[in-house]
Amino acid sequence: MADRVTVIGWDGSPLTAAARSALSAATLVAGAAHHLALPEVPPGAERVRLGSVGLAARRIAGHRGTAVVLADGDPGFFGVVRTLRAPEHGLEVEVVPAVSSVAAAFARAGMPWDDAHVVVAHEKTLRRAVNVCRAHPKVAVLTSPGAGPAELALLLDGVHRTFVVCEQLGTSREQVSVLTSDKAADHTWRDPNVVLVIGGAGGTGASAAPWLMGHHPAAGAVRGWAGRSGEPGSGESGSGERPGIGHDPTLRAVQLARLGPRPGDLVWDVGSADGTFAVEAARFGAAVIAVDADPAARARTEAAARRHGVLLQTVTGRAPHVLESLPEPDVVRIGAGGVPVVTACADRRPERIATHATTRDEAEAIGTALTAGGYAVETLLLQTVGLDPADWTERERSVVFLLTGRRTSGAP
């Protein structure tokens, strides 16, 4: 095992005295090509090209001598330190940090970033990274080959954002480009790069000083979930009318609990009506596409989203046909459409589907469709009775079947 392992962050600035001292004593140096070309790297040191960090860690673990690992930015922030410290390698490391590439990118843009989300995009996480960009107004994306600005732009189709693309930060070839997301796919970008994805309400304007890093819309919203339409915390504008049976607040609360929307998810809300479910799913940090055949529903949903400070996408069209052009969902809530819509959603293989029925026959038909689509089905009969606290008389009653489908592991 290496006698000493020092991880040095590099941001293009001259190396610190501590970094130069560690490098001068190194018998093995690992890093990218531009790191290994630094004049401070000892001529006699073994040089390891840092492609797979895991492979490099095994080389270092088997090395007898002093090892140095060079990495761009802060190596402890989505960097190599996590892999090097993994139990299977048994390495104890010292870290000489530098300015992270995310901090440098926001500095180039002249923007604060304590209200930003930071995600890593590679082939396995690209779709989830894009969903975070859909859901939040300020996101820094640490890209990788095959998951760069062009791929982000293509998957954001239909969602307008501004891209600040920072290529090769800290080098003589550094370049910062500002363009709209629909133009980013037309360019060839140089690695490494960081993309700032900006847009939507609150994306660039001044805001109150945050106390928790990242944009958290629920923190500024009215406390509570699944409020009745027209009451604080609900998505509806306050008409005071009783919601339809499919939009009962208790039903909505249980649907949210069953679906569990979370950051990185894409939620379809099919039959969004006044946008109450769509807004509350977005408050959990998920990306949301709200679909309804009624153009007025789109306006109501967008107004509700603005009131709660969340970002979501609205689509006007009749399901199931309108669903064909939408990106793949993680979870789906169906407010209207019956068996044909349930079948179309199941064909897209989301992890979970939640819907409701007002009669037993309809519930059986939906349950059969979900089972045929490869889902394990849970059916509940929900009954809620609103009472007047003054005299305990009944105000209103709601009875509905809730059906939740969970994709089975063996399903195609």
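The values are calculated or read from the model by the stated rules, or taken from the named source; none is laboratory data. If you're wondering where the values come from, they're calculated on a predicted model, not measured in any experiment. Neighbour counts run over all protein chains shown; Cβ positions are idealised from the backbone, glycine included. The area values use the complete protein model at the heavy-atom level, side chains included, leaving out ligands, DNA and RNA. Shrake-Rupley method; radii C 1.70, N 1.55, O 1.52, S 1.80 Å.
Rolled with a 1.4 Å probe across the full set of protein chains, the surface gives residue 92 an accessible area near 140 Å². Across all Cα atoms of region 341-412, the radius of gyration (one decimal) and Dmax (whole number) stand at 15.9, 55 Å. A simple spin-label model places pseudo-atoms 7 Å from Cα toward Cβ; at residue 92 and residue 111 they are separated by 4.2 nm. Taking the helices alone, the chain has a mean residue ellipticity at 222 nm of -7500 deg cm²/dmol, built from -39,500 (n - 2.57) per DSSP H run of at least 4 residues and averaged over all its residues.
Projecting label points 7 angstrom from Cα along Cα→Cβ for residue 393 and residue 160 puts them 5.3 nm apart. With only the Cα atoms considered, region 93-143 has a convex hull volume of 100 Å³ per residue.
The charge dipole of the chain, taken about the Cα centre with unit charges on the Cβ atoms of Lys, Arg (+1) and Asp, Glu (-1), comes to about 760 debye, rounded to the nearest 20. According to the Kirkwood relation over distinct C-alpha pairs, the hydrodynamic radius of region 97-183 is 13.3 Å.
Remark on residue 98: its backbone amide H falls under 5 Å from those of 9, 74, a criterion applied only to residues 5 or more positions apart or on other chains, H modelled at 1.01 Å from N. Dividing the Cα radius of gyration of the chain by 2.2 N^0.38 Å, with N the residue count, gives 1.19.
Dipole orientation for the chain: of the candidates 305, 247, 387, 305 has the Cα lying most toward the positive pole (charges on Cβ; Lys, Arg +1; Asp, Glu -1).
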